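The values are calculated or read from the model by the stated rules, or taken from the named source; none is laboratory data. Keep in mind that what you see is a predicted model, and the values were worked out from it rather than measured. Positions of Cβ are backbone-derived with ideal geometry, glycine not excepted, and every protein chain shown enters the neighbour counts.
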Amino acid sequence: MKRDGRGGIDRRGFLCGMAACGCAAALAQTGCTFSEVYNQTGAGELAFDINQGDFSALAEIGATLPIDIETDGDPAPVLLVRNAQDSVLALERICPHTFCDMRTPVGVWDQPAQQLICVCHNSVFASDGALQAGPSPRGIAAYDVEFDPATGQGLVRIGTAADVAALAAALTEQGR
Ligand code: FES
């Protein structure tokens, strides 16, 4: 897909992507317009194994790992978080406020509170991406993750219909 100057997909590219993934119904349900979610990422997935390579950082509970996931558009910046023994989160890594990259040390994962803090201006996001505090105009995407703690293997999927519906719902709540 074609990207705008901020690294987001331009509106035409987004419309084409929506048509391709069949997500238009999700937007219709929320009442959002396509243009309000034009910077949604493309679709892609990443298999990982916490026993191998950089992913071994995720062997520690509370650890984070920035990763760029290949999509049918540009790579999507994602922050993986080992937030529990049996769970890995995949969160949108670029803060929606003024676009700080929430890799360490800009993004601080508060393990007891299960929150991601963007220290640029102190926006706080819950483990499901919901905005808890701060100046960000919206929450961040929390992508679908399958993780098997017995093997340490997992799969992240981004750009699914659920991602688009969640983002559109968040924007609708804000009346945008
Ligand atoms: S860029 Fe994250 S709070 Fe401002």
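Residues in the range 79-101 that are in contact (Cβ under 8 Å) with a residue 60 or more places away in the chain and away from the ligand (no atom under 16 Å from the Cβ): 80, 85, 86, 87, 88, 90. Examine the range 83-96 for a residue that is in contact with a helix residue (DSSP H, G or I) (Cβ under 8 Å, 6 or more places away or on another chain), at pLDDT below 95 and surrounded by 14 or more Cβ atoms within 10 Å (Cβ to Cβ), and state whether such a residue exists. Looking through the range 83-96, none of the residues is in contact with a helix residue (DSSP H, G or I) (Cβ under 8 Å, 6 or more places away or on another chain), at pLDDT below 95 and surrounded by 14 or more Cβ atoms within 10 Å (Cβ to Cβ). Being closer than 18 Å to residue 54 by Cβ and of a type in the set (A, V, I, L, M, F, W, C) is the filter here; which residues of the range 81-101 pass it? Of everything in the range 81-101, those that are closer than 18 Å to residue 54 by Cβ and of a type in the set (A, V, I, L, M, F, W, C) turn out to be 81, 88, 89, 90, 91.
Touching a helix residue (DSSP H, G or I) at 6+ places or on another chain (Cβ under 6 Å), within 25 Å of residue 132 (Cα to Cα) and at pLDDT 50 or above: is that true of residue 65 in this structure? Judged against the criteria, residue 65 is a match. The test for being surrounded by fewer than 19 Cβ atoms within 10 Å (Cβ to Cβ) and either more than 12 Å from the ligand (Cβ to nearest atom) or more than 21 Å from residue 49 (Cβ to Cβ) (or both) holds for residue 104.
Yes or no, residue by residue, for (1) modelled with pLDDT of 95 or more; (2) away from the ligand (no atom under 16 Å from the Cβ); (3) hydroxyl-bearing (Ser, Thr, Tyr):
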site	(1), (2), (3)
130	yes, no, no
134	yes, no, no
137	yes, no, no
152	yes, yes, no
161	no, yes, no
169	no, yes, no
